[in-house]
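A.B. asks: First the structure, which I've put down as structure tokens, then a few questions once you've had a look.
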Amino acid sequence: PKPCVVLIGMCIVGLTCLAVAEGWRSAVPRPPMPRVPPPTANFFARLLPPPPPNPADVYQPVLSVSGGLPSSYQDLYDTAVRGVLQSLETEKAVEVDFPPIASINARSDGSAASEQKVHEANARFALQLCGRLADSSVCDGEPVLVGCSSGARAALGGDALSLRDAKQALKICAGDKVVVVVSPVLDEEWDAATALVEPPASAAGLVVVNGQLSNGLLPHAYFYRPMSAFSAVTGGVARLYPGPYECFDASGERVELEVPLARQGARALPDTKGAQMALQERFGGAR
């Protein structure tokens, strides 16, 4: 029994000493613990390059401006030219984006005949645009006309330059020249086109006509996309700079519907899903 009593006594003494020590430590003032800052954004995110500029960053539409739905291709051309002239007053580089020909199948079936029709349609608009630009205050004399392919240059005529020749021409020509670039497709063509408004070329303005794959890289001076359902055109989405993207039914009546811009990397294109559904419902109800 004596060893047990000794062991118990030692435990009591030990616990008493611990309690006294803890009380002494709590009585002695201690410096405050350093405050740990709250977690912030990923540190490595700050090491990444900033996101590329996007047309959605500068999209501030004037709601009172509306181009309506085109009644014909000449009406479309006239409205698109008006959008270009208005946009170049404030923008350095813009796009126009619309189906060059009415038949979507003919545009995309890949045949040489259909490709030629697209080149000719783009050339009709581009030549009208150049004529209007030459008479405007936003361009000093004749604009520089660029075809991004041999087929585009053939349709545009003898004055059309390649992207490389346009860069050289802008280095030596005087005045505030506007460049009209028809249908760039590859990333290299888009890069070369947008570089024309930077030194050493330094064009006064750039208009891209019906570019592909990277369309939406620049603000839209004019945009038109027809909507269809039940094998019929139900209406379309259109924008005339500096107005908003708007939805119209087949009769040309404006549909009260917001058409937002959807970001796709450096590109921004109108999200037409809501317009498609609204027009399909309206068209189906009228059948």
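A.B. asks: Can you work out which of the residues in segment 117-129 that are farther than 14 Å from Val178 by Cα and of a type in the set (A, V, I, L, M, F, W, C) is surrounded by the most Cβ atoms within 10 Å (Cβ to Cβ)?
C.D. replies: Ala123
A.B. asks: Can you report the number of residues in segment 167-179 which are open to solvent by 80 Å² or more (accessible area, probe 1.4 Å) and assigned to a helix (DSSP H, G or I)?
C.D. replies: Looking only at that region, the number is 4.
A.B. asks: Please give the number of the condition Asp187 fails out of (1) touching a residue at least 40 places away in the same chain (Cβ under 8 Å); (2) closer than 24 Å to Pro270 by Cβ.
C.D. replies: (1)
A.B. asks: Follow-up. In this structure, does Leu213 turn out to be modelled with pLDDT of 95 or more, of a type outside the set (Val, Ile, Thr) and within 30 Å of Cys130 (Cα to Cα)?
C.D. replies: Here the answer is no, as Leu213 does not meet what is asked.
A.B. asks: Also: Please state which one of Gly68, Gly147 is of a type outside the set (Lys, Arg) and either out of contact with any strand residue (DSSP E or B) (no Cβ under 7 Å at 6 or more places or on another chain) or more than 28 Å from Glu198 (Cβ to Cβ) (or both).
C.D. replies: After applying the criteria, what remains is Gly68.
A.B. asks: I want to confirm something. Restricting to segment 183-199 and keeping residues that are in contact with a Cys (Cβ under 6 Å, 6 or more places away or on another chain) and in a loop (DSSP other than H, G, I, E, B), which single residue is surrounded by the fewest Cβ atoms within 10 Å (Cβ to Cβ)?
C.D. replies: Ser183
A.B. asks: Taking into account only those residues within segment 238-256 that are of a type in the set (A, V, I, L, M, F, W, C) and in contact with a Leu (Cβ under 9 Å, 6 or more places away or on another chain), which is surrounded by the fewest Cβ atoms within 10 Å (Cβ to Cβ)?
C.D. replies: It comes out as Val255.
A.B. asks: Just to be sure, is Thr194 touching a Leu at 6+ places or on another chain (Cβ under 8 Å) and among the β-branched types (Val, Ile, Thr)?
C.D. replies: So Thr194 fits the description; yes.
A.B. asks: Enumerate the strands (runs of 3 or more DSSP E) found wholly within segment 200-287, keeping only those where 3 or more residues are among the aromatic types (Phe, Trp, Tyr).
C.D. replies: 220-229
A.B. asks: Could you figure out which of (1) open to solvent by 40 Å² or more (accessible area, probe 1.4 Å); (2) of a type in the set (Phe, Trp, Tyr); (3) touching a strand residue (DSSP E or B) at 6+ places or on another chain (Cβ under 6 Å) isn't true of Tyr73?
C.D. replies: The number of the failed condition is (3).
A.B. asks: Looking at this structure, is Leu279 in contact (Cβ under 8 Å) with a residue 24 or more places away in the chain and among the aliphatic types (A, V, I, L, M)?
C.D. replies: Against the criterion (in contact (Cβ under 8 Å) with a residue 24 or more places away in the chain and among the aliphatic types (A, V, I, L, M)), Leu279 qualifies.
Condition check ((1) at pLDDT 95 or above; (2) in contact with a strand residue (DSSP E or B) (Cβ under 7 Å, 6 or more places away or on another chain); (3) of a type in the set (D, E, K, R); (4) under 30 Å from Ala112 (Cβ atoms)) across all residues:
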position: Gly175; (1), (2), (3), (4): no, no, no, no
position: Ser183; (1), (2), (3), (4): yes, yes, no, yes
position: Glu189; (1), (2), (3), (4): yes, no, yes, yes
position: Val197; (1), (2), (3), (4): no, yes, no, no
position: Ser231; (1), (2), (3), (4): no, no, no, yes
position: Gly236; (1), (2), (3), (4): yes, yes, no, yes
position: Pro244; (1), (2), (3), (4): yes, no, no, no
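A.B. asks: Looking for something in contact (Cβ under 8 Å) with a residue 60 or more places away in the chain, among the hydrophobic types (A, V, I, L, M, F, W, C) and farther than 15 Å from Ser71 by Cα - is there at least one such residue anywhere in segment 223-238?
C.D. replies: Checked segment 223-238: no residue is in contact (Cβ under 8 Å) with a residue 60 or more places away in the chain, among the hydrophobic types (A, V, I, L, M, F, W, C) and farther than 15 Å from Ser71 by Cα.
Rundown of residues vs (1) touching a residue at least 40 places away in the same chain (Cβ under 8 Å); (2) touching a Phe, Trp or Tyr at 6+ places or on another chain (Cβ under 6 Å); (3) surrounded by 22 or more Cβ atoms within 10 Å (Cβ to Cβ), yes/no style:
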| residue | (1), (2), (3) |
| --- | --- |
| Gly131 | no, no, no |
| Ser136 | yes, no, no |
| Gly157 | no, no, no |
| Asp165 | no, no, no |
| Val181 | no, no, yes |
| Gly211 | yes, no, yes |
| Leu218 | yes, no, yes |
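A.B. asks: Going by what's in this entry, would Val259 be described as under 18 Å from Ala56 (Cα atoms), among the aliphatic types (A, V, I, L, M), free of Cβ contacts under 8 Å to residues at least 60 places away in the same chain and in contact with a Ser or Thr (Cβ under 6 Å, 6 or more places away or on another chain)?
C.D. replies: No; evaluated as a whole, the condition is false for this residue.
A.B. asks: Do we find that Gly147 is surrounded by 23 or more Cβ atoms within 10 Å (Cβ to Cβ) and among the small types (Gly, Ala, Ser) in this structure?
C.D. replies: In short, yes.
The values are calculated or read from the model by the stated rules, or taken from the named source; none is laboratory data. The model shown is predicted, which means the values in this text are computed figures rather than measured ones. Cβ sites come from the backbone with ideal geometry, for glycine too, and all protein chains shown count toward neighbours. Accessible surface is based on the protein model in full, side chains and every heavy atom, while ligands, DNA and RNA are left aside. Shrake-Rupley method; radii C 1.70, N 1.55, O 1.52, S 1.80 Å.
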